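Below is one structure; the comments refer to it alone.
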Amino acid sequence: VYDAGNYFVRIRPANAEQTFTIELNCATPPENNEACDAIEIDCNTGNISGTNLGATENEECGGANGGAGVWYVFNSDIDGTLRLNTCQDNSPLTDFDTDISVFTGTCEDLTCYDYIDGDFACGFAADITFDVFNGTTYYVLISGFGATNAGVFDMEITCEEVVLDCPGLGNIGDVCDDGDPATVNDVITEDCECLGTPPPPGQVCGISIEVDGLPYFDTGNNTAGFGDDYDFNDIPPLAPDGILVGTFFSTSYLNGDDVIYAYTPTEDQQIDVRLDNIGTWAGLYIFTGCPFESTVGAHGEFADTFREIEALPVTAGVTYYIAVGTFAAPQSTPYDLSIVINSDDCPDLDGDIGDPCDDGDPLTTDDVITEDCECVGTPVIPGQICDLPIEVSSLPYLTTDNT
């Protein structure tokens, strides 16, 4: 989606003169491009047709990557299941790779509830069935896999009502969410209440392992002793100023057992957080908020070497949640955790003595941080750079024996 204005397109052949044709297709965003403009559907809707052509990209939900999509809203008046299907008899009802994401909450404050990626066996169309409860609103996003997948689709809507022990909540013994981040294993009781059990420190962010001061070390630990209470759905997007170590931001390193630490600095600092003696597919995340609201640091990869987030700025009075986790396989990992104050030799220059820097002077080169914590370069000689050329004052001009 582009703002109104003038845009210039340059077309250049790779090697030789060629002829070409330009086709320009303009599309305005669909009426249900935004969640707050969602089209309402219900159990009597049956089949609908739509398009995401011209739609804007959206936030991620689980494994769905938030491509261009359109929105529908289902205000449930039943307890049961809702099926949304863009695949019929193994034939796609779409002409693009389709994701379906489901959210709860309000159109301005969405919470990822469920998702399904397109099925290769059905031409990458999507088919999802999820639980719905009377009185709950569900926002449905039909999107392409990535920014470039767009087209038209048909979708079948099917409801199945069930009788629950606890209407609007579920059956006795069902897993639920009591909304308390300091409990785990939440289930529906015989009194039709959703209640959880307080866990040991470190299992959830509400009862984290408290880091009272720095430096902090926890050696010889293992995530296997803390359970599997978080997954990719619980990882918020990387903050604009967050620190990412690695080539891309992955939400998969919290799908196994996980441990949560909490650190609240008393002054503004920069900290280094490091894992050693780990197994493969281990990850390190740093979040703010409980439940997690923002990812401020992330480092996950395959190798069993180390994970480290360096020079993370932290603010006095803000609690930072440090999560150690893994892929679903191998499920758990041993680890040694260290949290220390970042110890640059020269904090004002964000570096150590001998590190390269930039003194801002175009007439110097090989700038480095000195023992006096100054960034100093070596003056260039005439002819080394264009800002200090060898002046040719008159002609004819001859220079010899140069190298």
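The values are calculated or read from the model by the stated rules, or taken from the named source; none is laboratory data. Bear in mind that the values here come from a model prediction, so they are computed numbers and not experimental data. Methodologically, a virtual Cβ is constructed for each residue, glycine included, from the backbone with ideal geometry; neighbour enumeration extends over all protein chains shown.
List every residue pair whose Cβ atoms lie under 6 Å apart, where the two residues are 6 or more positions apart in sequence or sit on different chains, the first residue falls within region 336-360 and is among the hydroxyl-bearing types (Ser, Thr, Tyr), and the second residue, located anywhere, is surrounded by 15 or more Cβ atoms within 10 Å (Cβ to Cβ).
Ser338/Arg274
Collect the residues in region 143-177 that are touching a Phe, Trp or Tyr at 6+ places or on another chain (Cβ under 9 Å), small (Gly, Ala, Ser) and farther than 30 Å from Asn90 by Cβ, keeping them in residue-number order.
Hits for region 143-177 are Gly168, Gly170.
Need a quick list: strands (runs of 3 or more DSSP E) entirely within region 202-277 having at least 2 residues that are more than 17 Å from Pro291 (Cβ to Cβ) and among the charged types (D, E, K, R).
269-276
Mind checking whether some residue in region 220-227 is closer than 25 Å to Ala329 by Cα, buried (at least 17 other Cβ atoms within 10 Å of the Cβ), touching a Leu at 6+ places or on another chain (Cβ under 8 Å) and not β-branched (Val, Ile, Thr)?
Pass one, region 220-227, residues closer than 25 Å to Ala329 by Cα: 220-227.
Next cut, buried (at least 17 other Cβ atoms within 10 Å of the Cβ) only: 221, 223, 226-227.
After this cut, where a residue has to be touching a Leu at 6+ places or on another chain (Cβ under 8 Å) as well, the list is 221.
Then drop every residue that is not not β-branched (Val, Ile, Thr), which leaves 221.
There is at least one residue in region 220-227 that is closer than 25 Å to Ala329 by Cα, buried (at least 17 other Cβ atoms within 10 Å of the Cβ), touching a Leu at 6+ places or on another chain (Cβ under 8 Å) and not β-branched (Val, Ile, Thr).
Give the residues of region 171-185 that are under 18 Å from Gln203 (Cα atoms), out of contact with any Ser or Thr (no Cβ under 7 Å at 6 or more places or on another chain) and free of Cβ contacts under 8 Å to residues at least 24 places away in the same chain, sorted by residue number.
Val175, Cys176, Asp177, Asp178, Gly179
Given the criteria within 27 Å of Gly135 (Cβ to Cβ), surrounded by 15 or more Cβ atoms within 10 Å (Cβ to Cβ), acidic (Asp, Glu) and outside the structural domain of Thr111 (by TED's automatic domain parsing), does Asp186 qualify?
Numbers: within 27 Å of Gly135 (Cβ to Cβ): yes; surrounded by 15 or more Cβ atoms within 10 Å (Cβ to Cβ): yes; acidic (Asp, Glu): yes; outside the structural domain of Thr111 (by TED's automatic domain parsing): yes.
It is true that Asp186 is within 27 Å of Gly135 (Cβ to Cβ), surrounded by 15 or more Cβ atoms within 10 Å (Cβ to Cβ), acidic (Asp, Glu) and outside the structural domain of Thr111 (by TED's automatic domain parsing).
Right, Gly206: of a type outside the set (A, V, I, L, M, F, W, C), in contact (Cβ under 8 Å) with a residue 24 or more places away in the chain, out of contact with any Gly (no Cβ under 6 Å at 6 or more places or on another chain) and within 25 Å of Asp109 (Cα to Cα) or not? Break it down stepwise before answering.
Working: of a type outside the set (A, V, I, L, M, F, W, C): yes; in contact (Cβ under 8 Å) with a residue 24 or more places away in the chain: yes; out of contact with any Gly (no Cβ under 6 Å at 6 or more places or on another chain): yes; within 25 Å of Asp109 (Cα to Cα): yes.
Yes: the conditions hold for Gly206.
Listed residues Thr247, Thr189; which is within 27 Å of the chain's Cα centre (by Cα) and among the polar types (S, T, N, Q)?
That would be Thr247, the only listed residue that is within 27 Å of the chain's Cα centre (by Cα) and among the polar types (S, T, N, Q).
Any idea which residue in region 328-368 is surrounded by the most Cβ atoms within 10 Å (Cβ to Cβ), counting only those that are in contact with a helix residue (DSSP H, G or I) (Cβ under 9 Å, 6 or more places away or on another chain) and in a loop (DSSP other than H, G, I, E, B)?
Ranking the candidates gives Thr333 first.
Of all residues in region 105-129, which are out of contact with any Phe, Trp or Tyr (no Cβ under 7 Å at 6 or more places or on another chain) and in a strand (DSSP E or B)?
Across region 105-129, the qualifying residues are Gly105, Thr106, Asp109, Tyr115, Ile116, Asp119, Ala125, Asp127, Ile128, Thr129.
Return yes or no: is Thr45 closer than 13 Å to Met155 by Cα, in contact (Cβ under 8 Å) with a residue 40 or more places away in the chain and outside any strand (DSSP E or B)?
Yes.
Looking only at residues that are modelled with pLDDT under 90 and of a type in the set (D, E, K, R) in region 100-127, which one is nearest to Thr137 (Cα to Cα)?
Among those that are modelled with pLDDT under 90 and of a type in the set (D, E, K, R), it is Asp117.
Quick grid of which residues meet (1) at pLDDT below 95; (2) surrounded by fewer than 19 Cβ atoms within 10 Å (Cβ to Cβ):
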{"site": "Tyr7", "(1), (2)": "yes, yes"}
{"site": "Ile22", "(1), (2)": "yes, yes"}
{"site": "Ala27", "(1), (2)": "yes, yes"}
{"site": "Leu53", "(1), (2)": "yes, yes"}
{"site": "Gly67", "(1), (2)": "yes, no"}
{"site": "Trp71", "(1), (2)": "no, no"}
{"site": "Asp77", "(1), (2)": "yes, yes"}
{"site": "Asn90", "(1), (2)": "yes, yes"}
